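So the structure is just underneath, and the comments pick up after that.
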Amino acid sequence: MATFEDFMKLDIRVGEVIKAEVFKKAKKPAYKLWIDFGDEIGIKKSSAQITECYKAEELIGKQVLGVVNFPPKQVADFISEVLVLGVYAKQGVVLVQPEQPVEKGDKLG
């Protein structure tokens, strides 16, 4: 069982999607995302399997939550630096987002 201390090791921040494109080389349908996490963290890349609920162009400007302190993972020819958080729903993966606009880099606490 995970402990509260385990949860606190995760650095989950708010970022804004600034670029999104279809990830043609991924084994499962996915997008390549470039996410701005503000001045402290900067722009990070992520591979996200969220194609069932979102079109690439509608992701631009969306605020998302991402784990920024996992090690980078190579997915085909792309290095995914953050894990974007989503909910596995009937319709596909739905992004976890702040209810109101917040500053880039704000931490989940």
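The values are calculated or read from the model by the stated rules, or taken from the named source; none is laboratory data. None of the values given here were measured: they were computed from a predicted structure. Here the Cβ is made from the backbone with ideal geometry for all residues, glycine too, and neighbour counts use every protein chain on show. Note: areas computed on protein heavy atoms with side chains; ligands, DNA, RNA excluded. Shrake-Rupley method; radii C 1.70, N 1.55, O 1.52, S 1.80 Å.
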Query raised in the report: Within the set of pairs 6+ apart or on separate chains, which have a first residue in the range 33-54 that is touching a residue at least 12 places away in the same chain (Cβ under 8 Å) and among the polar types (S, T, N, Q), a second that is open to solvent by less than 50 Å² (accessible area, probe 1.4 Å) and in a loop (DSSP other than H, G, I, E, B), and C-beta atoms under 8 Å apart?
Result: Ser46/Val82; Ser47/Phe23; Ser47/Ala26; Ser47/Ala30; Gln49/Ala26; Gln49/Ala30; Thr51/Ala30
Query raised in the report: Mind checking which residues of the range 10-40 are open to solvent by 40 Å² or more (accessible area, probe 1.4 Å) and either closer than 16 Å to Leu85 by Cα or in contact with a strand residue (DSSP E or B) (Cβ under 7 Å, 6 or more places away or on another chain) (or both)?
Result: Leu10, Glu16, Ile18, Lys19, Glu21, Val22, Trp34
Query raised in the report: Taking into account only those residues within the range 85-109 that are polar (S, T, N, Q) and in contact (Cβ under 8 Å) with a residue 12 or more places away in the chain, which is nearest to Ile43 (Cα to Cα)?
Result: Gln97
Query raised in the report: Could we say that Val82 is touching a residue at least 12 places away in the same chain (Cβ under 8 Å), surrounded by 15 or more Cβ atoms within 10 Å (Cβ to Cβ) and in contact with a Ser or Thr (Cβ under 6 Å, 6 or more places away or on another chain) here?
Result: yes
